[in-house]
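Visitor: Take a look at the following structure, please.
The values are calculated or read from the model by the stated rules, or taken from the named source; none is laboratory data. Everything numeric in this text was worked out from a predicted model, so none of it was measured. Quick reminder, even Gly has a Cβ in these numbers, built from the backbone with ideal geometry, and neighbours come from all protein chains shown. For accessibility, only protein heavy atoms count, side chains too; no ligands or nucleic acids. Shrake-Rupley method; radii C 1.70, N 1.55, O 1.52, S 1.80 Å.
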Amino acid sequence: MSRPAYRPNSLQLLPLLAFTLMLLLQAQPSRADDYSDVSKLIRAGQYAGALVQIDAALQTRPRDPQMRFFKGFIERETGQAELALATFTGLTEDYPELPEPYNNLAVIYALQNQLDKARAALEAALRINPQYATAHENLGDVYAKLAGQSYARALQLDAGNATLAPKIALLNEALLAKPAPAAAAPRVGAVAPSGATGAKLP
């Protein structure tokens with residue numbers, strides 16, 4: 001008798017967000033232009049050109065959260081997951097009031113199938129901003145994947161359990177019904193810590 005297999009879904013890459021309205025309002029016009037220019041380059045897939053501008057900006061503003069966020073996005077998109085993890089982790093340490101870096105950490109962890117770490121990162125984001133709807137959705141997706149793993153393990157241990165197959169099938173159907181993941185480029189915009197939207201797990 002063939003066993004229904006849990007098929008983990010790849011996680012939806014979350015669109016990157018700019019940080020706070022206060023940062024943008026206080027920024028010099030040239031800095032806002034820098035953010036806009038880098039964002040346009042990233043949207044066009046011109047990562048090398050964007051990195052030149054990002055690195056130049058970070059030479060004079062090494063703590064700039066927006067530029068560091070852009071850098072983490074490019075690192076992730078170009079397959080440098082460990083560098084992206086370091087970049088987003090650094091942001092959580094330097095700007096612990098911002099939930100978005102935790103959200104993006106969760107994406108990377110989930111893509112690596114480190115679901116417990118993904119869950120912890122999303123829970124941290126929600127402690128900062130309990131109204132962060134995307135983090136709630138992402139956490140639900142992580143819980144669904146964890147449930148799928150538990151059901152599959154239970155089926156291995158008790159192949160005769162007739163209640164497991166329908167649960168696995170239903171869970172697979174729900175996960176497969178999610179839209180195909182699309183990598184969204186970062187956008188320069190205002191995200192207030194008290195009411196941010198964010199990147200989604202697929």
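Visitor: Being assigned to a loop (DSSP other than H, G, I, E, B), open to solvent by 30 Å² or more (accessible area, probe 1.4 Å) and either under 30 Å from S36 (Cα atoms) or at pLDDT 85 or above (or both) narrows it down to one of A192, A147, so name that one.
Guide: A192
Visitor: Under 6 Å between Cβ atoms, at least 6 apart or on separate chains: pull out the pairs that start in the range 110-133 with a residue that is in contact (Cβ under 8 Å) with a residue 24 or more places away in the chain and end on any residue that is basic (K, R) and buried (at least 18 other Cβ atoms within 10 Å of the Cβ).
Guide: Close Cβ pairs (under 6 Å, with a partner that is basic (K, R) and buried (at least 18 other Cβ atoms within 10 Å of the Cβ)) amount to L115/K145.
Visitor: Would you check if N103 is in contact (Cβ under 8 Å) with a residue 60 or more places away in the chain and at positive phi?
Guide: no
Visitor: Quick one: would you say K178 is of a type in the set (K, R), surrounded by 15 or more Cβ atoms within 10 Å (Cβ to Cβ), over 12 Å from the mean Cα position of the chain (by Cα) and at pLDDT below 95?
Guide: It is true that K178 is of a type in the set (K, R), surrounded by 15 or more Cβ atoms within 10 Å (Cβ to Cβ), over 12 Å from the mean Cα position of the chain (by Cα) and at pLDDT below 95.
Here is a yes/no grid of residues against (1) open to solvent by 40 Å² or more (accessible area, probe 1.4 Å); (2) more than 20 Å from the chain's Cα centre (by Cα); (3) modelled with pLDDT under 90:
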site: R3; (1), (2), (3): yes, yes, yes
site: R7; (1), (2), (3): yes, yes, yes
site: Q12; (1), (2), (3): no, no, yes
site: L16; (1), (2), (3): no, no, yes
site: T20; (1), (2), (3): no, no, yes
site: L24; (1), (2), (3): yes, yes, yes
site: D34; (1), (2), (3): yes, yes, yes
site: Q46; (1), (2), (3): yes, yes, no
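Visitor: Cβ contacts < 6 Å: first residue within 16 Å of Y143 (Cβ to Cβ), restricted to the range 159-173; second residue surrounded by 13 or more Cβ atoms within 10 Å (Cβ to Cβ) and at pLDDT below 85, any location; separation 6+ or different chain. Result?
Guide: I168/P4; I168/Y6
Visitor: Out of the range 49-101, which residues are part of a helix (DSSP H, G or I), under 24 Å from L139 (Cβ atoms), open to solvent by 30 Å² or more (accessible area, probe 1.4 Å) and of a type in the set (S, T, Y)?
Guide: Selection gives T89 alone.
Visitor: So in the range 113-144, with the set limited to residues that are among the acidic types (D, E) and under 19 Å from N172 (Cβ atoms), which one is most open to solvent (accessible area, probe 1.4 Å)?
Guide: If we take residues in the range 113-144 being among the acidic types (D, E) and under 19 Å from N172 (Cβ atoms), then E137 is most open to solvent (accessible area, probe 1.4 Å).
Visitor: Just to be sure I understand, how many residues within the range 108-136 are at pLDDT 90 or above and in a helix (DSSP H, G or I)?
Guide: 20
Visitor: For the range 150-160, enumerate the residues that are surrounded by 14 or more Cβ atoms within 10 Å (Cβ to Cβ) and hydrophobic (A, V, I, L, M, F, W, C).
Guide: Those that are surrounded by 14 or more Cβ atoms within 10 Å (Cβ to Cβ) and hydrophobic (A, V, I, L, M, F, W, C): A152, A154, L155.
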